[in-house]
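Taken together, the values in this text are just the output of simple stated rules run on the coordinates, not laboratory data. Not measured: the values here are computed from a predicted model. Here the Cβ positions follow ideal geometry from the backbone for every residue, glycine too, while neighbour counts run over all protein chains shown.
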Amino acid sequence: MEHTKIVKGADGAVLRSSGQILERWREYYNHLCNEEFCHPPIPTVPSIERPVLPITAVQISAALAKMKSSKANGPDDILIDVWKLLGDRGSVWLATLFIKIVAEGRTPDVWQTFVTVPVWKGKGDIADCTSYRPIRLLCHTMKVFERVLEARLRKIVSVSLNQCGFVKNCSIIDAIYAVRILLEKHREKNRSVHLAFLDLEKAFDRVPHELLWMSMRSHRVPEKYMRWTELLYAKPTSAVRCAAGTSRPFSVQVGVHQGSSLSPLLFILCMDTITKEIQKQHPWTLLFADDVMLASESRGDLQKQVQSWKDRLQKYGLRLNTSKTEYMERGPRIGFNSCRWHRIKQGVRPRGRPKIRWLDRVKLDMIDARLCAVNAMDRTKWKTRSRKPQPATMRDKR
């Protein structure tokens, strides 16, 4: 919040008064949260009608155990520590409240209001609103409800194996590992590989709500869970809080709530629904939430893939961020032992080899860290063992 004392207006002029700063933040997020990218009507999917079990105190306790203490409170000023301290009594009371909410089809009014806090991304102009990520402070009671719903949905839905973001027992490390192996195998065979790294423009803030409902139905989510989710997006409003104060509230009609426990799952369901038909086999297509990597041995084929992704995303109200889209080519190695020209033959490994391959280095590091392949499923142990600092000169002595 210290970075938001001075911001630039839409015309680039620096604003210094509190009133102007608050109005600028409100104007920016009001535009961001209420205007969709142009797209044709999103098709409808038949609903899945089947009974669901009522929410229990055991599920509430499991959700509370996953939530961290000492977090910023939402508009209701109730900390998550309150429900944790109440223990089983609090879980029983919350279960009764949630059952009443889903039965009546109406949430407390305070659940529909939240505070948006601009958080600087760590890059870009500090005075530019586009350099900030909107984090929404939601009611912790609502987050408990979202956790319960998320746990139920994850038992029902499944996404593509290419998706590494917000998926259990998977992370960006798995995607990096796959790309490194892909590059190394092509280098050993002296073959070219072309990579494109795509990024979506304001992905979480521009998701049409119709796409959320379509994606959930496409993954055969029961209609009752659909209605529970729709309750959270009934009539949301937000106000912006910064160093200058708190702005007037405005409505929110587009996007998922950043800071919500349910939003990551909803977003990857949307990505899976609209792109599963154009995804290549792993590792030629990799995703981490809204970040996409496409690979091909032909530059022309890669261009066709990028165009296909661009058209598909625009069809459902999303858009590629061309300024953050990158291209990389890993071509065959050319060695010069003399001044003569050397002809490199595709598919044939060149003379000589690197001192050690990346995969061999990983295996040696696993031995030094006393890790085995089974430990990859235990993320806590893996991170603890593999993140020990080591002098760079130690690697040279091996």
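The packing ranking, built from the mean of other Cβ atoms within 10 Å per residue, places the peptides 296-302, 113-119 in the order 113-119, 296-302, highest first.
Once you've got the Cα coordinates, tell me which of Lys168/Lys276; Lys168/Lys202; Lys66/Lys123 are over 22 Å apart. Exceeds cut-off: Lys168/Lys202; Lys66/Lys123. Where both residues lie in the chain, what percent of DSSP beta bridges are antiparallel, nearest 5? Around 80 percent antiparallel, to the nearest 5. The simple spin-label model puts a point 7 Å past each Cα toward its Cβ; for Glu104 and Leu79 those points are separated by 2.8 nm. Sequence-ordered 3J(HN,Hα) estimates for segment 162-170 from the Karplus curve with 6.51, -1.76 and 1.60 and θ = phi - 60° stand at 6, 7, 10, x, 6, 10, 5, 6, 8 Hz, glycine and proline given as x. Counting neighbouring beta carbons within 10 Å and listing from fewest to most, the residues Cys38, Cys170, Cys270 come out as Cys38, Cys170, Cys270.
Report the percentage of all Cα-Cα pairs in segment 129-176 whose separation exceeds 11 Å, rounded to a whole percent. Of the Cα pairs, 77 percent sit more than 11 Å apart. DSSP loop (so not H, G, I, E, B), at most 15 other Cβ within 10 Å: list which GluC sites (Glu not before Pro) in segment 1-67 pass both filters. Listed in order of number, the matching sites are Glu35, Glu49. Dividing the helix sum by the residues of the chain, where each DSSP H run of 4 or more adds -39500 (n - 2.57), gives a mean residue ellipticity at 222 nm of -12500 deg cm²/dmol.
Straight-line reach from Lys324: taking Cα to Cα under 19 Å and skipping same-chain neighbours fewer than 8 places apart, the aspartates and glutamates in range are Asp125, Asp128, Asp199, Glu201, Asp205, Asp290, Asp291, Asp311. Between Lys363 and Ser70, the FRET efficiency from the beta-carbon distance, with R0 = 45 Å, is close to 0.65.
The ratio of the alpha-carbon radius of gyration of the chain to the globular-protein estimate 2.2 N^0.38 Å is 1.16. Of the peptides 60-70, 256-266, 320-330, the order by per-residue mean of other Cβ atoms within 10 Å, starting with the highest, comes out as 256-266, 60-70, 320-330. Semi-axis lengths, largest first, of the ellipsoid equivalent to segment 1-126 are 38, 24, 13 Å, with √(5λ) applied to each eigenvalue of the Cα gyration tensor. Think of each Lys and Arg Cβ as +1 and each Asp and Glu Cβ as -1; about the Cα centre, that makes the dipole of the chain roughly 2360 debye.
For segment 179-264, the relative contact order comes to 29 percent (Cα pairs under 8 Å, sequence separation of at least 6). Note on Glu277 and Lys189: with the Förster distance fixed at 41 Å, the Cβ-Cβ geometry gives a FRET efficiency of about 0.85.
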